[in-house]
Amino acid sequence: MDNGIKDVIVARYERISRLAEQIGERLKHYPSGRIKIRRRGDYKYFYRSGLSGENDVYLGRKDTRLIEDLIRKGYLESVLKASLAESQLLKETIANYPQYLAEDVYGTLSADRRDLVKPIILPDDQFIAKWQSTSYTPKVFEENTPYYSTIRGERVRSKSEQIIADRLYAQKIPYKYECPLTLGDQVIHPDFTILRISDRTEVYLEHCGRADDPNYTEGMVKRINLYSLSNIIIGNRLFLSFETSATPLDVRVIDNLIKTVFR
């Protein structure tokens, strides 16, 4: 199994460790002590505490900069404490992460044993094969529709969709083109239904190929609203790409979606 979960944990550990290091450096430049805030009625009063051998010191208007610095320092110290705690937990998780996940166990069996066992959790390759082998009836092409063919040999409706399909295929992202999807009492055909292997969830990519055409845009808005009313939300399970007559598809957008979302 592609160990995407561990990769996410490692990436988070590296990020949070860098953050802790950066905060530690920043804190070296803040003044000593901390802020206490006391209220009397509608008024609040600031005191500097934590200075060795001294009682709390009242800070007035002339000390505004010091007050702000100490409050920021307190915030950074809290972030640092939380970052260090999380970093330690993630470090231990990485060190103790299992060599095999539940999905991997079947693949570790000998061929003789696999012949006699039905996997409880299908390995990724079998899960993908089963998902892609499920037949469906795609949207019908009207006569005189331009013909664009993908590397995989399927027909799509535009050069941009051909590029997207070939990009997904090259990166081994499982997808279905214009597979019917029932939303409420309507059936639509998302441009691309994608199987995100990391959590085995179907997500959808709609390419808005004529974003400068008001009639086209009106239909797309209704379509996106239909997704949303079915709890398929943009940025969660629904993703969009755009182009206009003056701004063609930017393949970097697709590549970034593949790298950050579709795996």
Restricting to lysine pairs 8 or more places apart or on different chains, what number in the stretch 50-174 have Cα atoms under 24 Å apart?
9
Unit charges on C-beta of K, R, D, E only; dipole of the stretch 202-263, Debye
260 debye
Would you give the gap between the C-alpha center of the stretch 23-73 and the C-alpha center of the stretch 101-151, rounded to a whole Å?
62 Å
Size of charge dipole - the chain - debye, nearest 20, with Cβ of Lys, Arg +1 and Asp, Glu -1, no other charges:
1440 debye
Calculate, in nm to one decimal, what TYR30 and THR93 gain on full extension: separation in residues at 0.36 nm each, minus their alpha carbon distance.
19.3 nm
What share of all Cα pairs of the chain, in percent, falls into each consecutive 5 Å distance bin?
1, 5, 9, 10, 11, 10, 9, 8, 8, 8, 7, 6, 4, 3, 2, 1, 0, 0
Could you identify which residue out of ARG61, ARG196, ARG210 has the top mean-square fluctuation in a GNM of the chain using Cα springs shorter than 10 Å?
ARG61
To the nearest 500 deg cm²/dmol, what mean residue ellipticity at 222 nm is calculated for the chain from DSSP H runs of n ≥ 4 alone, each contributing -39,500 (n - 2.57), summed and divided by the residues?
-13500 deg cm²/dmol
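Bear in mind that the values in this text are calculations on the coordinates, not laboratory data. Since the structure is predicted, the reported quantities are computational estimates derived from the model, not experimental observations. All Cβ positions, even for glycine, are placed from backbone atoms using ideal geometry, and neighbour counts span all protein chains on display.
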